[in-house]
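Since the structure comes first, as structure tokens, the remarks are kept for the end.
The values are calculated or read from the model by the stated rules, or taken from the named source; none is laboratory data. This one's a predicted model, so the numbers in the text were calculated from it and none came from an experiment. Quick reminder, even Gly has a Cβ in these numbers, built from the backbone with ideal geometry, and neighbours come from all protein chains shown.
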Amino acid sequence: MAKQEASYDFRPVTEKDLPMIAGWLAQPHLAEWWNDPETEIAEIRDHIDSISVEPLIVELDGKPIAYLQSYDPHLEDDHPYADQPFGTLGIDLSIGPPELVGIGHGSAIARQFIEDLFEEGVPRVIIDPNPANIRAIRAYEKAGFRAIDRRQSVYGDVVLMAIDAGEGDAEDDAEEGQ
């Protein structure tokens, strides 16, 4: 029997969330993949009022457990993913508390958020983990992403992964028919 998936809530990041996010970014499981917390927090603070990036806190049962940001690569000059189809949104996801890493939250959060984006009419969602971040790549594959490119950009060496609207539905239908 399949485990009942949690339902997550997504809310905008506020100034009050920044110390908590800084604490998460200092944790070894995140520090390995992010720049220093001070630099990142300054960028997240800028994103609070941004039109191109939406910073969010992911909550489970009212408790903050992750940082998620979505962005439109077509709203930034010279964005390295502006070659993606118009309407594409990118996401970045980081589970905060270390005890919640590796138990399925990453792929479940991504799946729920992506489903919401598809319902809003977004045609494609992309994510760009570091090729060495095997745990993240596996979680994103579980969420339905597939690798479409390997790139060197201002974000470093990345595996560009994508999921298109309608892809997950076909897989779900096939699984149910078995």
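Can you find, within region 41-83, the residue that is farthest from Arg150 (Cα to Cα) among those that are part of a strand (DSSP E or B) and of a type in the set (A, V, I, L, M, F, W, C)? It would help to see each step written out before you state the result.
Filtering region 41-83 down to residues part of a strand (DSSP E or B) leaves 53-60, 63-71.
Keeping just the survivors that are of a type in the set (A, V, I, L, M, F, W, C) gives 53, 56-58, 60, 65-66, 68.
Numbers: Val53: 23, Leu56: 27, Ile57: 28, Val58: 28, Leu60: 33, Ile65: 29, Ala66: 26, Leu68: 22 Å.
Of everything passing the filter in region 41-83, Leu60 is farthest from Arg150 (Cα to Cα).
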Q: Scan region 97-111 residue by residue and report those that are part of a loop (DSSP other than H, G, I, E, B) and under 19 Å from Arg138 (Cβ atoms).
A: Val101, Gly102, Ile103, Gly104
Q. Going by the conditions given, is Gly90 touching a Ser or Thr at 6+ places or on another chain (Cβ under 8 Å) and either in contact (Cβ under 8 Å) with a residue 24 or more places away in the chain or buried (at least 19 other Cβ atoms within 10 Å of the Cβ) (or both)?
A. yes
**Q.** Matching residues, region 17-35, being in contact with a Pro (Cβ under 9 Å, 6 or more places away or on another chain) and more than 24 Å from Gly62 (Cβ to Cβ)
**A.** Pro28, Ala31, Trp33
Q | Members of region 46-81 that are surrounded by fewer than 16 Cβ atoms within 10 Å (Cβ to Cβ), under 17 Å from Phe10 (Cα atoms) and of a type in the set (D, E, K, R) | A | Asp49, Glu59, Asp61, Lys63
Q | Pairs, first on the phi > 0 side of the Ramachandran plot in region 71-87, second exposed (fewer than 13 other Cβ atoms within 10 Å of the Cβ) and assigned to a loop (DSSP other than H, G, I, E, B), C-beta under 8 Å, six or more apart | A | Gly87/Gly121
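Of the residues that sit in region 1-27 and are assigned to a loop (DSSP other than H, G, I, E, B) and farther than 18 Å from Glu115 by Cα, which one is modelled with the lowest pLDDT? Give the derivation first.
To start, the set of residues in region 1-27 that are assigned to a loop (DSSP other than H, G, I, E, B) comprises 1-7, 13-14, 26-27.
Restricting the remaining residues to those that are farther than 18 Å from Glu115 by Cα gives 1-3, 13-14, 26-27.
Numbers: Met1: 34, Ala2: 37, Lys3: 42, Val13: 98, Thr14: 97, Ala26: 93, Gln27: 93.
This residue is Met1.
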Q. What pairs come up if the first residue lies in region 7-19 and is within 17 Å of Glu40 (Cα to Cα), the second is part of a helix (DSSP H, G or I) and not aromatic (Phe, Trp, Tyr), and their beta carbons are under 6 Å apart, counting only those six or more places apart or on different chains?
A. Leu18/Ile41
Q: State whether one or more residues within region 114-124 are more than 23 Å from His29 (Cα to Cα), of a type in the set (Phe, Trp, Tyr) and without any contact (Cβ under 8 Å) to a residue 60 or more places away in the chain.
A: yes
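Quick one: which strands (runs of 3 or more DSSP E) lie wholly within region 121-170 and hold at least 1 residues that are over 16 Å from the mean Cα position of the chain (by Cα), farther than 23 Å from Gly102 by Cβ and of a type in the set (Val, Ile, Thr)?
Details: elements: 124-127, 146-153, 156-164.
Qualifying strands (runs of 3 or more DSSP E): 146-153.
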Q.
Within region 126-154, take every residue that is in contact (Cβ under 8 Å) with a residue 40 or more places away in the chain and among the aliphatic types (A, V, I, L, M) and give me the one that is nearest to Leu56 (Cα to Cα).
A. Ile126
